[in-house]
Amino acid sequence: MIGFAGLSHLGIVSSIVAASKGHDVVAFDPDVTRCEALRRGQLPVVEPGLQELLASARPRIRFTSDPQALAACAVVICAEDVPTSVDNTSEFGPINRLLDTVEQQAAPGMSVVVLSQVPPGFTRQLARRWADRRLEVFYQAETLIFGQAVERALSPERMIVGCARPQQALPEAYANLLASFSCPILPMRYESAELAKIAINMFLVSSVSTTNILAELCEAIGADWSEIIPALRLDARIGPRAYVTPGLGLSGGNLERDLSTFSRLAQAAGTDARMVEAWLVNSAHRQGWVLTTLAREVLSCQTDPMIAVWGLAYKPHTHSTKNSPALALLETLSGSGIRVQAYDPAIRLTRPDWPRFTQVSTPLEACGEADALAILTSWPEFASVDLTRVARIMRGRLVIDPLGMLDPAGCQETGLRQRRLGVPTLTEDPVLC
Amino acid sequence: MLTHASEAPSRPRRVVVLGASGFVGADLIEHLRGHEVPTLPLSSADVDLRQAESVERLVQLVDEGDSLVIVSALTPDKGKDVKTFMANLTMGAHVSAFLSRVRLAQVVYVSSDSVYDDQASLIDETTRCAPQTFHGLMHLARERMVTSALQPLKTPLLIIRPSLLYGARDSHNGYGPNRFLRSAREEARIELFGQGEETRDHVYIKDLSRLIGLGLLHGSQGVLNVATGQSVSFRKVAELVASMADHPVWIECRPRTGPISHRHFDIKTLLSRFPTFRLTPLQEGLADTLRQMKASAEKTMPIAV
């Protein structure tokens, strides 16, 4: 029997995937309401394929708010997502409380695996704290991606396992669980495994940041970044799946949290973290791209403008809005009394403090009488919206499409003025409006 | 970080402007009066901030609840040396001594983008301050003086760091729009260093006054760079000026005295706090400046008998 403790996004996805691999699973969370909803098959998170997977794995998973159910498990995986504050630092109160609950139920010989996003040093401290409990303590790096979590959890590229003694064989029950994923298993020191997760995210950030600075230069010198991308993907040192699509800085919170953790550790250790500072500065700079474009081309020259926004989530196929560029933009626009009509297929915002903000139920409805449209999440459905109808019902022509969701030829044919990241604008001086 | 005390505009009771006869001060007074905001313009003739007595004088003239805009400074055209630097610090020290005694509604300190490193190519409010000149060092020191003086009374402080300013009343005649407009009119020529490749962000004085006005209306606090976010080369400025003249203007290139440098601003703070603010396009600002220069010249022209 495998136990999961903490049923936020990570715990829900991981426990359902473990059950789908044929393991009997107890999924515990102290939140009674959440467990009842999960028992009814109601998922509090949006992930493609998760609902279907839960339906198929239902006979092998038991959701419970009773911690005693964990006592019978050979392996208990703590999978509560570690929340982050506004400044992207981690808050460990919830995970520590959950670990206390697990400790109370743990029988000698049980394997306790920390799957939550903890910094280097956390697991060794825990192992020391529990030294007299005869428990096997492990850390396992999670590398889920919002919106692709099921796919990544079912077929991980590798399992990164932090151990007290990496040379020693893993306990049988835990080894069996890991073996069911048919991928390389990489045992290593606790600190190495904890830092490996941060290392992966920092490599992603370096790609994203490099992409963004180059895409911005493209906009200024007349190059088109989309023409350069294939050249990069065909370079074996960069690779076909490299993060070379330009974006609006970092969002989602996970990358930012790891950068914050790295900076804190580097500062304490006296190692050079100036590159990380530059990444964060660039991220903030790129997040302003939509507002800058909107201000220059519409807000500063239109009386009482109406702005349509498609997408509120920080990325498609997720309900998360953490550090979402859309919300940052809405905060500015609505805070300044500018009219906004927004649509998102997964998120419903309630903001009574934004009297001129309306959320509507279709993308076309959002465009009614709009002076500009901003597409801030790459939900696939946006690519198939009829551009002729968009052009007909919008009052203005500007479409801010940072991620290039709309067909450029279609925009041109319908007279829409599309603005994309990494693509130069044709007007020499957009201040002149 | 720039915050507004109130999102809804609220008219200040009275705005006292220190340095009211200067380029920025005079335009600001004109702007505020145009919007019927009560003002008290103070120039060095009213209060000589270099003198210690100025502290008592300010206490007499400025009331609790007034808003204060500090624009007084000896600009680089008055001297770029230690003496000017020290005189500016003395002025800052006297204003700070006054600020720690009187509870004001708000203080606006008009600083300069010279507080940033000359080598910084893209600047926003988070860019580290590393002044390379006495002028920049002076403004940074005065920013700190004023901040420190206001802390005990928790008086809201807005620090404004404008990029290069231009406008008809600018007497500094520094390299850029104003000098180009004057030399184009008076000598039918514009002198560039090198090919005038360097890019700078030129701000129309009226935009600065309007933004200070908005900062006063919203009780804004924090740091705000005032720039257009659109840097252009001196060559481009010269060509624009030449195209506006009613006679041919010769653009001359002189050997440059230093390496080519560029300066750009990321103005997301300005746009996010004042999203509907319209920055004057350079061409429009230059045309307006030229119009005012001509009008002013006509007024002062002797009447032929």
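At a glance:
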read-out	value
Residue selected from segment A:396-421 under the condition among the basic types (Lys, Arg) and part of a strand (DSSP E or B), by the criterion farthest from the chain's Cα centre (by Cα)	A:417
Criterion violated by residue A:116 - all others in (1) among the small types (Gly, Ala, Ser); (2) part of a loop (DSSP other than H, G, I, E, B); (3) over 18 Å from the mean Cα position of the chain (by Cα) satisfied	(3)
Residue that is nearest to the other protein chains (Cβ to nearest Cβ), among those in segment A:237-289 that are of a type in the set (Ser, Thr, Tyr) and in a helix (DSSP H, G or I)	A:283
Of all residues making up segment B:16-48, the number that are surrounded by 17 or more Cβ atoms within 10 Å (Cβ to Cβ), touching a residue at least 40 places away in the same chain (Cβ under 8 Å) and within 17 Å of the chain's Cα centre (by Cα)	14
Some residue of segment A:322-337 being touching a helix residue (DSSP H, G or I) at 6+ places or on another chain (Cβ under 7 Å), surrounded by fewer than 20 Cβ atoms within 10 Å (Cβ to Cβ) and away from chain B (no Cβ under 14 Å)	no
Criterion (within 14 Å of another protein chain (Cβ to nearest Cβ) and closer than 28 Å to residue B:29 by Cα) met by exactly one of B:125, B:53, B:64	B:125
3 or more residues over 30 Å from residue A:289 (Cα atoms): qualifying strands (runs of 3 or more DSSP E) within segment B:19-136	B:39-42, B:67-70
Conditions (1) within 30 Å of residue B:4 (Cβ to Cβ); (2) more than 14 Å from chain B (Cβ to nearest Cβ); (3) surrounded by fewer than 21 Cβ atoms within 10 Å (Cβ to Cβ); number of the one not met by residue A:353	(2)
Wholly enclosed helices (runs of 4 or more DSSP H) of segment B:171-277 bearing at least 3 residues within 14 Å of another protein chain (Cβ to nearest Cβ) and more than 23 Å from residue A:293 (Cα to Cα)	B:234-244
In segment B:259-279, the residues that are closer than 26 Å to residue A:333 by Cα, in contact with a helix residue (DSSP H, G or I) (Cβ under 9 Å, 6 or more places away or on another chain) and buried (at least 19 other Cβ atoms within 10 Å of the Cβ)	B:265, B:266, B:267, B:268, B:270, B:271, B:272, B:273, B:274, B:275, B:279
Residue in segment A:306-318 that is more than 30 Å from residue A:49 (Cβ to Cβ), within 8 Å of chain B (Cβ to nearest Cβ), of a type outside the set (Lys, Arg) and in contact (Cβ under 8 Å) with a residue 40 or more places away in the chain present	no
Cross-chain or 6+ apart pairs with Cβ under 6 Å, segment A:347-370 first and on the phi > 0 side of the Ramachandran plot, then of a type outside the set (S, T, N, Q) and surrounded by 12 or more Cβ atoms within 10 Å (Cβ to Cβ)	A:369/A:306; A:369/A:395
Boolean, residue A:337 is part of a loop (DSSP other than H, G, I, E, B) and at pLDDT 95 or above	no
Hits in segment A:46-73 - residues which are within 19 Å of residue A:20 (Cβ to Cβ) and of a type in the set (A, V, I, L, M, F, W, C)	A:46, A:50, A:53, A:54, A:55, A:57, A:61, A:63, A:73
Odd one out for residue A:275, checked against (1) surrounded by 23 or more Cβ atoms within 10 Å (Cβ to Cβ); (2) out of contact with any Ser or Thr (no Cβ under 7 Å at 6 or more places or on another chain); (3) of a type outside the set (Phe, Trp, Tyr)	(1)
Residue within segment B:26-46 that is touching an Asp or Glu at 6+ places or on another chain (Cβ under 6 Å) and closer than 22 Å to residue B:76 by Cβ present	no
Residue match in segment B:245-259 (condition: within 29 Å of residue A:282 (Cα to Cα), charged (D, E, K, R) and in contact (Cβ under 8 Å) with a residue 60 or more places away in the chain)	no
Filter result for residue A:297 (part of a helix (DSSP H, G or I), in the same structural domain as residue A:330 (by TED's automatic domain parsing) and in contact (Cβ under 8 Å) with a residue 60 or more places away in the chain)	yes
Residue list for segment B:161-192, filter: touching a strand residue (DSSP E or B) at 6+ places or on another chain (Cβ under 9 Å), among the hydrophobic types (A, V, I, L, M, F, W, C) and closer than 22 Å to residue B:284 by Cβ	B:164, B:165, B:180, B:181, B:184, B:190
Among the residues listed as A:312, A:364, A:330, the single one being closer than 29 Å to residue A:45 by Cα and more than 26 Å from the chain's Cα centre (by Cα)	A:364
Lone qualifier among A:89, A:123, A:84 - being over 30 Å from residue A:324 (Cβ atoms) and either modelled with pLDDT under 95 or crowded, with 17+ Cβ neighbours inside 10 Å (or both)	A:123
Members of segment A:346-395 that are within 17 Å of residue A:408 (Cα to Cα), out of contact with any Pro (no Cβ under 9 Å at 6 or more places or on another chain) and part of a loop (DSSP other than H, G, I, E, B)	A:386
Unmet criterion (only one of (1) within 14 Å of chain B (Cβ to nearest Cβ); (2) surrounded by fewer than 16 Cβ atoms within 10 Å (Cβ to Cβ)) for residue A:296	(2)
Candidate set from segment B:280-292 (those that are crowded, with 18+ Cβ neighbours inside 10 Å and more than 11 Å from chain A (Cβ to nearest Cβ)); member that is farthest from the chain's Cα centre (by Cα)	B:290
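The values are calculated or read from the model by the stated rules, or taken from the named source; none is laboratory data. None of these values were measured; they are calculated from a predicted model. Here Cβ is always computed from backbone atoms with ideal geometry, including for glycine, and neighbour counts include all displayed protein chains.
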